[in-house]
Amino acid sequence: MAVLNVNPTRMELTKLKKRLNTALRGHKLLKDKRDELMRQFLDLIRQNKALREEVEREIQVANGHFVLASSVMQKEALDTALLAPKQKVSLSVSAKNVMSVEIPVFETETRTSESSDIYSYGFASTSFELDDAVRNISELLPKMLKLAEIEKSTQRMAIEIEKTRRRVNALEHVMIPRYRDTIRYISMKLEENERSSRTRLMKVKDMMIEQQIIQSHTAQTQAN
């Protein structure tokens, strides 16, 4: 029996009962938090799997277009076409709080809104395969950032789930049983002390009655 090192008094018993109630409420809240985190974590895992497969497929398509472009264009012409990009993408990172977990949020902003600015070269000297590859990469960038956002979110959520699980286990298997054992121990001690006090009082009462009988008997003897 794991018992806390406390004095077996009624005051300590009252304190421990309050601590036990607080621990039970905290245990329930942490279990609810853990379950909700697990639900959202599994949702993110499913999103991550589907999005990763989509991104990998589109990367293969873009790579295929680049391979075709490099096969029909000279290396120098290909390098020159991609040397000085016209479009610029800015990335801003913020965060949102989900069940006490800071989830990253990635947002992008292009320098211009013209869709043709993704091409940094003239169309006359390049192949259409290169156009397709550049367009594929441009369309793929938001998905890749979303994938990075989801993967980082799953990592942070997994860490928080593990922390919450440890706290739940500590309360469930250590603190709550220890509080209950200590409350049981103090209650037993108080009952034992109460029985001892009652026994002593009964003995004192018997002694007083016996003394009264002796005094009464002595008084009657003297009177005779």
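What's the magnitude of the charge dipole for segment 19-169 around its Cα centre, counting Lys and Arg as +1 and Asp and Glu as -1 at the beta-carbon? Answer in Debye, nearest 20. Provide the component values of the computation, followed by the final result.
Values: 25 positive and 23 negative charges, 320 e Å.
In total the dipole reaches around 1540 debye.
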Worksheet item: Taking Cα atoms, how many degrees apart are the long axis of helix 128-170 and the longest axis of the chain, rounded to 10 and kept between 0 and 90?
Response: 10 degrees
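Using r as the Cβ-Cβ distance of LYS15 and LEU201, and R0 as 35 Å, what FRET efficiency do you calculate, to the nearest 0.05? Write down the numbers at each step before the final one.
On the way: r = 28 Å, r/R0 = 0.81.
FRET efficiency, LYS15 to LEU201: 0.80.
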Worksheet entry | Over segment 108-217: Kirkwood hydrodynamic radius from C-alpha pairwise inverse distances, Å | 23.0 Å
Fill in: Given (i) 47, 41, 35; (ii) 55, 39, 32; (iii) 147, 28, 22, the label whose value is Cα extents along the principal axes in Å derived from this model
(iii)
Fill in: Charge tally in the Cβ shell below 12 Å around VAL168, where Lys, Arg are +1 and Asp, Glu are -1, VAL168 excluded
+4
Response to the item:
Taking only the alpha-carbon positions of segment 82-141 as identical scatterers, the Debye log10 I(q)/I(0) at q = 0.20, 0.27 Å⁻¹ comes out as -0.81, -1.17
Discussion item. How far apart, in nanometres, would the label points at GLU107 and ILE45 be if each is projected 7 angstrom from Cα along the Cα-to-Cβ direction?
Written reply: 3.1 nm
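Note the full-extension length gain between ARG52 and GLU172 as 0.36 nm times their separation in residues minus their Cα-Cα distance, in nm to one decimal. Intermediate values should be presented prior to the final figure.
Values: separation 120, 0.36 × 120 = 43.20 nm, distance 3.80 nm.
Full extension of this stretch gives 39.4 nm more.
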Practice prompt. Compute the acute angle (0 to 90°) between the alpha-carbon long axis of helix 176-223 and the principal axis of greatest extent of the alpha-carbon atoms of the chain; round to the nearest 10°.
Written response: 10 degrees
Worksheet item: Where does the charge balance sit around SER94 when Lys and Arg score +1, Asp and Glu -1, over other residues with C-beta under 12 Å from its C-beta?
Response: -2
Fill in: Leading residue at positive end of dipole, segment 74-224 (Cβ point charges), from SER116, VAL93, ILE183
ILE183
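With r defined as the distance between the Cβ atoms of GLU151 and ARG180 and R0 fixed at 35 Å, what FRET efficiency is calculated, to the nearest 0.05?
0.25
Laboratory data are not the source of any read-out in this text; all were calculated from the coordinates shown. None of the values given here were measured: they were computed from a predicted structure. Positions of Cβ are generated from backbone atoms using ideal geometry, with glycine treated the same way; all protein chains shown enter the neighbour counts.
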